[in-house]
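Enquirer: Below is a structure I'd like to ask you about.
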Amino acid sequence: MVDGGRLWKRLSELAEIGRREEGGVARLSFTQEERAAKDLVASYMGEANLAVREDAAGNLYGRREGRDPEAPAVLMGSHVDSVLNGGDFDGPLGVLGGIEVLQTMDEEGVETERPVEVVAFTDEEGARFSLGMIGSRALTGTLSPEDLRHEDRDGVSIERAMRDAGLDPGKVGEAARSADALAAYLEMHIEQGKVLEGEDLPVGVVTGIAGPVWLRLLFSGEAGHAGTTPMGARRDALAAAAEVIGIVESEAASTGSTVGTVGQIEARPGGINIIPGRVELSLDLRDIDEAVRDRAEGRIRELAGEVCGRRGIGLEFEELQRLPPAPCSGEIGEAIVAACEREGIRPYPLPSGAGHDGMHVAGLCPMGMIFVRSKDGISHNPKEWSSREDCEAGCKILYLTVLDLAKRS
Ligand code: GLV
Ligand code: MN
Ligand code: MN
């Protein structure tokens, strides 16, 4: 069976790459840190006797053949990039867990009908370019030339960052795989919520992934002298944006299910004695029910328009990404449930509020996810934590599920 000690050791080693003074990790895409993480993961893939390759989008694959090399593969995966000052488990658990499954199969001499692969996807988080899941978009052939023009805060585009990392953005289409190459995609991930902790369960069976909309709101007013401009004669872009942040919070809360977050704010010119003339806000809105999310978005747009109209502020919305919620496959869910029952774990279904690469891969093949209990539900934070025992339990469920799926022909 899987070696929980080895998995834990690798999680700890990987977590030292990109470690920051603040305690968290930062491995943004196409940086040296992400490269170092992939190199370490490739060395683990080598230890597991996998055939290692990197595709045109920088996705790192390890493959173990089955009896039928032509059969569609069972793919496990996740990511090794992180948010800024993120935790040790978001992403690495699924990649290292997948390698652990394959190394165990190798050590136990297990034969499968289908090939089994593990992938570390390029940039799931979207922390650098405000466009996440770059690698899984490339896998499904949906990463467009327009996507590649997204820029980071220093004005470096994805295209440019790829070139700097030794990849040819013109060849990104070569990372696409056809639907008949893959039988299933399975991702083990930390829950990043408190549900499993509340249920006293180490793992859960994911039913679907909430769909995110990411927008940029651009407010334009008029910069002016903070000392000489009377309060009634101002067109303060930041004061308008502040009202809109309140609207986001109350409109999302009023639905009971949608979550809305303004995580980035930039006020210009940015002087202590200057009325802000231009402001940019980011907006992240998600729901497992697309219609509810879209209605909340509509209300936010309408009310923000009213605020800006009243204040004489220009307002533009830029759409960065819009994804529908992604349901998990019933068949894979049943296989996960059977694995839980075999391990004596009460199978517990729950949705994912966080986004995952499976949202894209689901367009290509059936997709399933296993959640591992998070401590206090904390994630995207250095305090993110899952116990060694829970990581091992999740990996066992992953092993049993993959074995089941890969033995089918
Ligand atoms: C990634 O973790 C996301 O859900 O934004
Ligand atoms: Mn993740
Ligand atoms: Mn994340």
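FYI, it's all coordinate maths here, none of it is from the lab. Worth saying up front: this structure is predicted, and the values here are computed from it rather than measured. With ideal geometry, Cβ positions are generated from the backbone for all residues, glycine too; neighbour counts draw on all protein chains shown.
Enquirer: Under a cut-off of 25 Å between alpha-carbon atoms, report the lysines in cross-link reach of residue 407, not counting same-chain residues fewer than 8 places apart.
Expert: Candidates past the 8-residue exclusion: 396.
Enquirer: Still on this structure: What is the helix-to-structure angle for 290-311, meaning the angle in degrees between its Cα long axis and the longest Cα principal axis of the chain, kept from 0 to 90 and rounded to the nearest 10?
Expert: Value to nearest ten degrees: 20.
Enquirer: Putting +1 on Lys and Arg Cβ atoms and -1 on Asp and Glu Cβ atoms, find which of 304, 78, 202 reaches farthest to the positive end of the dipole of the chain.
Expert: 304
Enquirer: Also, quick follow-up: Nothing charged except the Cβ atoms of Lys and Arg (+1) and of Asp and Glu (-1): what's the magnitude of the dipole of the range 211-322 about its Cα centre? Round to the nearest 20 debye.
Expert: Values: 13 positive and 18 negative charges, 79 e Å.
Using only the charged Cβ atoms, the result is roughly 380 debye.
Enquirer: Still on this structure, I have one more. As I understand it, the value is the acute angle between the Cα axis of helix 32-47 and the longest principal axis of the Cα atoms of the chain; what does it come to in degrees, rounded to 10?
Expert: Tilt relative to the chain: about 10 degrees.
Enquirer: At a Förster distance of 60 Å, what's the computed FRET efficiency of residue 216 paired with residue 39, Cβ-Cβ distance as r, to 0.05?
Expert: The value I calculate is 0.95.
Enquirer: How far, in nm, would the chain grow between residue 316 and residue 151 when pulled straight, counting 0.36 nm per residue and subtracting the alpha carbon separation?
Expert: That works out to 57.6 nm of additional length.
Enquirer: What residue among 393, 176, 246 has its Cα farthest toward the positive end of the dipole of the chain, where the charges are +1 on Lys, Arg and -1 on Asp, Glu, each on the Cβ?
Expert: Projecting each Cα onto the dipole axis, the largest value belongs to 246.
Enquirer: Tally the DSSP beta bridges in the chain and give the antiparallel ones as a percent, rounded to 5.
Expert: Beta bridges within the chain, antiparallel portion: roughly 70 percent.
Enquirer: Tally Lys and Arg at +1 and Asp and Glu at -1 over the other residues with C-beta under 11 Å from the C-beta of residue 346: what net charge comes out?
Expert: Details: positive: none; negative: 199, 200, 341, 343.
In short, -4.
Enquirer: What angle, in degrees between 0 and 90 and rounded to the nearest 10, separates the Cα long axis of helix 92-107 from the longest principal axis of the Cα atoms of the chain?
Expert: Rounded to the nearest ten degrees, it is 10.
Enquirer: Only four residue types carry charge here, +1 at the Cβ of Lys and Arg and -1 at the Cβ of Asp and Glu. Report the dipole size of the chain about the Cα centre in Debye, rounded to the nearest 20.
Expert: 820 debye
Enquirer: According to a simple spin-label model (label point 7 Å from Cα along Cα-to-Cβ), what is the distance in nm between residue 346 and residue 226?
Expert: 5.6 nm
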